[in-house]
1. Is segment 13-25 home to any residue that is modelled with pLDDT of 90 or more and either within 14 Å of the chain's Cα centre (by Cα) or in a helix (DSSP H, G or I) (or both)?
2. Among the residues of segment 55-99, which ones are assigned to a loop (DSSP other than H, G, I, E, B) and within 20 Å of the chain's Cα centre (by Cα)?
3. Does segment 75-89 contain any residue that is touching a Gly at 6+ places or on another chain (Cβ under 8 Å) and over 30 Å from MET1 (Cβ atoms)?
4. Can we say ASN52 is open to solvent by 80 Å² or more (accessible area, probe 1.4 Å) and either part of a loop (DSSP other than H, G, I, E, B) or of a type in the set (Ser, Thr, Tyr) (or both)?
5. How many residues, within segment 55-84, are open to solvent by 60 Å² or more (accessible area, probe 1.4 Å), in contact (Cβ under 8 Å) with a residue 24 or more places away in the chain and more than 25 Å from VAL24 (Cβ to Cβ)?
Amino acid sequence: MAKEELLQVIRSVAAGRRHIPADVASSVVENLGRADLSAREVEVLELIREGNRNKQIADRLCIAETTVNYHIKNIVDKLQANDRTHAVMIALRRGLLQI
């Protein structure tokens with residue numbers, strides 16, 4: 001941060017205002033309203049990332065395919081994604097999944 005900008009922030013905070021750096025504010029806004037995923041939802045998301053279909057995910061996790069569908073619906077809702085692929089992209093960007 002430039003010296004003049006730092007002095008301006010210090011004066012602003014001393015006057016009782018708050019300062020949030022732009023990169024921090026951007027990250028906060030991106031994660032607003034995001035509920036944490038359960039461990040099982042992360043497992044399902046990892047299997048989606050690997051290219052598995054719902055039936056394959058169900059078989060790997062020893063659960064019903066309808067349960068997989070339920071998890072995917074929750075994941076999409078929690079991440080405010082358009083679909084399962086978008087959910088994976090959001091999770092990667094937020095660091096919930098690794099490549």
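1. Within segment 13-25 (the criterion being modelled with pLDDT of 90 or more and either within 14 Å of the chain's Cα centre (by Cα) or in a helix (DSSP H, G or I) (or both)), the answer is yes, since at least one residue qualifies.
2. Within segment 55-99, GLN80, ALA81, ASN82, ASP83, ARG94, GLY95, LEU96, LEU97, GLN98, ILE99 meet the criteria.
3. Looking through segment 75-89, at least one residue is touching a Gly at 6+ places or on another chain (Cβ under 8 Å) and over 30 Å from MET1 (Cβ atoms).
4. So ASN52 does not fit the description; no.
5. 1
The values are calculated or read from the model by the stated rules, or taken from the named source; none is laboratory data. Predicted model only: the values in this text are computed from it and were never measured. Counting neighbours? That spans all protein chains shown, and the Cβs are built from the backbone with ideal geometry, glycine included. When the accessible area is computed, the model is the full protein with side chains, heavy atoms only, and any ligands, DNA or RNA have been set aside. Shrake-Rupley method; radii C 1.70, N 1.55, O 1.52, S 1.80 Å.
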